[in-house]
Structures are given as C-alpha cells and as structure tokens.
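Here is the structure we will look at.
The values are calculated or read from the model by the stated rules, or taken from the named source; none is laboratory data. Bear in mind that the values here come from a model prediction, so they are computed numbers and not experimental data. Backbone-built Cβ (ideal geometry, glycine too); neighbour counts: all protein chains shown.
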Amino acid sequence: MRCGTISHVSSRPAPAQRLRDLARLRRVKDRIDREYAQPLDVEALARGVHMSAGHLSREFKLAYGESPYSYLMTRRIERAMSLLRRGDLSVTEVCFEVGCSSLGTFSTRFTELVGMPPSAYRRAARTTAGIPTCVSKQVTRPVRNREAPTSSRN
C-alpha cells in the first residue's frame with residue numbers, strides 16, 4: 001500500500017457520494033416545495049440534510065442553477081401569483097400567507113420575477129378572468145434569475 005494517495009483516504013467512490021449528495025439536495029428542494037410558507041432559511045435547510053449552509057448553497061446552485069433562497073422565493077412568488085389571481089386577499093395578506101415577513105422584500109422580489117409589482121399584477125389578473133387557468137398560469141408564470149423584462153423609466 002502506497003502512502004499519501006487520495007484513493008486510500010475514502011472508502012466510498014466519488015460517483016456514489018455524488019448520488020447521495022444529489023439525493024440530499026432533492027430532499028431540500030422537496031422540503032421547500034412543501035413548506036414554502038414556513039419560516040425557512042438556508043441554515044435550517046442545511047441542518048436538515050447534515051450539510052453546512054455554504055456547502056448546501058454551492059451544491060444546490062450547481063445542481064439547480066439557483067441558490068436555495070432564490071428557489072424558495074420563486075416558490076413563494078408562484079403561490080402569491082395564484083392568490084393574487086384569485087383576488088380575495090390584499091397584497092399584504094398574500095405576502096404573509098406565502099411566508100414572507102417583509103412586504104418590501106416580497107414586492108421587490110415579485111417585481112424582479114414577474115416584471116410588475118404585485119398590485120399591478122392583481123389588477124391585470126382581473127382582466128384574465130375568462131381565460132382557462134392552465135393558459136393563465138402559463139402566460140403569467142414567474143421568470144427566474146431576474147430575467148423579467150422591466151419597463152423603461154422616463
């Protein structure tokens with residue numbers, strides 16, 4: 001046996017470890033999908049899968065193209081869009097219903113993803129009242145990673 005080689009340090013092959021890591025990341029993603037309205041943060045998510053917050057953030061972004069926080073906020077905004085289309089809750093009520101604790105942060109993130117503030121979206125949603133839900137959802141779905149078109153300001 002030769003000393004100093006990395007192959008002798010770990011008894012697990014790298015591909016098997018990668019599959020285990022991906023399974024843990026999937027559990028985090030599933031938890032966000034289920035518990036988006038709960039007070040979740042990256043630290044709590046990382047503890048749930050026995051990772052450090054930094055490691056979870058890096059690996060999640062590599063696997064899914066965005067950070068766990070960004071994914072959580074996207075889920076919250078998608079649900080908020082649905083509630084705003086329904087029309088029976090105020091923007092503030094929707095903000096708290098989807099798990100956001102700051103109306104300002106909610107409005108900013110909503111605008112980044114959707115391309116318009118939640119109040120404007122709520123007004124626009126009234127005009128889609130006769131459109132089937134499946135079409136409405138496709139047309140009004142959020143855009144990830146700040147890709148939403150912004151209106152020009154004069």
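Quick rundown of the values:
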quantity	calculated
Enumeration of residues in the range 93-107 that are surrounded by 12 or more Cβ atoms within 10 Å (Cβ to Cβ) and of a type outside the set (Asp, Glu)	Val94, Cys95, Phe96, Val98, Gly99, Cys100, Leu103, Thr105, Phe106, Ser107
Some residue of the range 134-141 being under 16 Å from Tyr36 (Cβ atoms) and either touching an Asp or Glu at 6+ places or on another chain (Cβ under 8 Å) or at pLDDT 95 or above (or both)	yes
Of residues in the range 64-94 being part of a loop (DSSP other than H, G, I, E, B) and touching a residue at least 60 places away in the same chain (Cβ under 8 Å), the one farthest from Thr105 (Cα to Cα)	Gly65
Filtered residues of the range 79-110 (kept if under 16 Å from the mean Cα position of the chain (by Cα) and closer than 14 Å to Arg126 by Cα)	Met81, Ser82
Residue selected from the range 28-67 under the condition surrounded by 12 or more Cβ atoms within 10 Å (Cβ to Cβ) and basic (Lys, Arg), by the criterion farthest from Val98 (Cα to Cα)	Arg58
Exclusive hit being among the acidic types (Asp, Glu) and either outside the structural domain of Asp33 (by TED's automatic domain parsing) or within 15 Å of Asp33 (Cα to Cα) (or both), set Glu78, Glu59	Glu78
